[in-house]
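K.L.:
Quick one: the structure is below, questions incoming.
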Amino acid sequence: MRYMMFIKHTQDYGNVKAPAALYEAMGGFVEDATKKGQFIDGAGLQPTSAGNRVRLENGTISVTDGPFTESKEVVGGYAIIDAKSREEALDLAKRFMELHRIHWPTFEGECEVRPFEQEAQPAS
């Protein structure tokens, strides 16, 4: 089953450069997970100052330019993984966050793990 991992952190990290050792460790993590068929896609995201929000409210669509100062947490990156079970997906997420703990000790954030909706099967 495929899962989406959202890496969330405070807005404060938007302008902070992550340690090079973290990028190196993440590269190894991605390479290993790719070889095992677990890593499908992923990337870090630019700060909210580079983003926009498209909102539908009361029948009206509006666009707001970033930064989004009212945000308490920001999605800083994502990964799409393929795991045999929820436990395997959570293990990958814990391993990924462990890289942050080791290589960026001041980092505080979370990894939200959610399964994709099951695709509808065509009628026979």
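The values are calculated or read from the model by the stated rules, or taken from the named source; none is laboratory data. Bear in mind that the values here come from a model prediction, so they are computed numbers and not experimental data. Counting neighbours? That spans all protein chains shown, and the Cβs are built from the backbone with ideal geometry, glycine included. The area values use the complete protein model at the heavy-atom level, side chains included, leaving out ligands, DNA and RNA. Shrake-Rupley method; radii C 1.70, N 1.55, O 1.52, S 1.80 Å.
K.L.:
Conditions first: (1) touching a strand residue (DSSP E or B) at 6+ places or on another chain (Cβ under 9 Å); (2) modelled with pLDDT of 95 or more. THR10 passes all but one, so which condition is the exception?
P.N.:
The single condition THR10 does not satisfy is (2).
K.L.:
Still on this structure: Which ones in the range 15-45 are without any contact (Cβ under 8 Å) to a residue 24 or more places away in the chain, of a type outside the set (A, V, I, L, M, F, W, C) and over 18 Å from ARG95 (Cα atoms)?
P.N.:
Answer for the range 15-45, where residues must be without any contact (Cβ under 8 Å) to a residue 24 or more places away in the chain, of a type outside the set (A, V, I, L, M, F, W, C) and over 18 Å from ARG95 (Cα atoms): just LYS17.
K.L.:
Quick check, is ALA79 touching a Gly at 6+ places or on another chain (Cβ under 8 Å), without any contact (Cβ under 8 Å) to a residue 40 or more places away in the chain and not basic (Lys, Arg)? Before the answer, list the steps.
P.N.:
Details: touching a Gly at 6+ places or on another chain (Cβ under 8 Å): yes; without any contact (Cβ under 8 Å) to a residue 40 or more places away in the chain: no; not basic (Lys, Arg): yes.
Criteria not met by ALA79.
K.L.:
Suppose we filter the range 80-124 for residues that are assigned to a loop (DSSP other than H, G, I, E, B), at pLDDT below 95 and either open to solvent by 80 Å² or more (accessible area, probe 1.4 Å) or not hydrophobic (A, V, I, L, M, F, W, C) (or both); how many remain? Talk me through it step by step, then tell me what you get.
P.N.:
Of the residues in the range 80-124, the ones assigned to a loop (DSSP other than H, G, I, E, B) are 83-85, 104-108, 116-124.
Still in the list and also at pLDDT below 95: 104-108, 117-124.
Cutting the leftovers down to either open to solvent by 80 Å² or more (accessible area, probe 1.4 Å) or not hydrophobic (A, V, I, L, M, F, W, C) (or both) gives us 105-106, 108, 117-124.
Counting residues in the range 80-124 that are assigned to a loop (DSSP other than H, G, I, E, B), at pLDDT below 95 and either open to solvent by 80 Å² or more (accessible area, probe 1.4 Å) or not hydrophobic (A, V, I, L, M, F, W, C) (or both) gives 11.
K.L.:
Sort through THR10, THR48 and tell me the only one that's within 25 Å of PRO105 (Cα to Cα), hydroxyl-bearing (Ser, Thr, Tyr) and in contact (Cβ under 8 Å) with a residue 60 or more places away in the chain.
P.N.:
Numbers: THR48 fails: in contact (Cβ under 8 Å) with a residue 60 or more places away in the chain.
Of THR10, THR48, the one residue that is within 25 Å of PRO105 (Cα to Cα), hydroxyl-bearing (Ser, Thr, Tyr) and in contact (Cβ under 8 Å) with a residue 60 or more places away in the chain is THR10.
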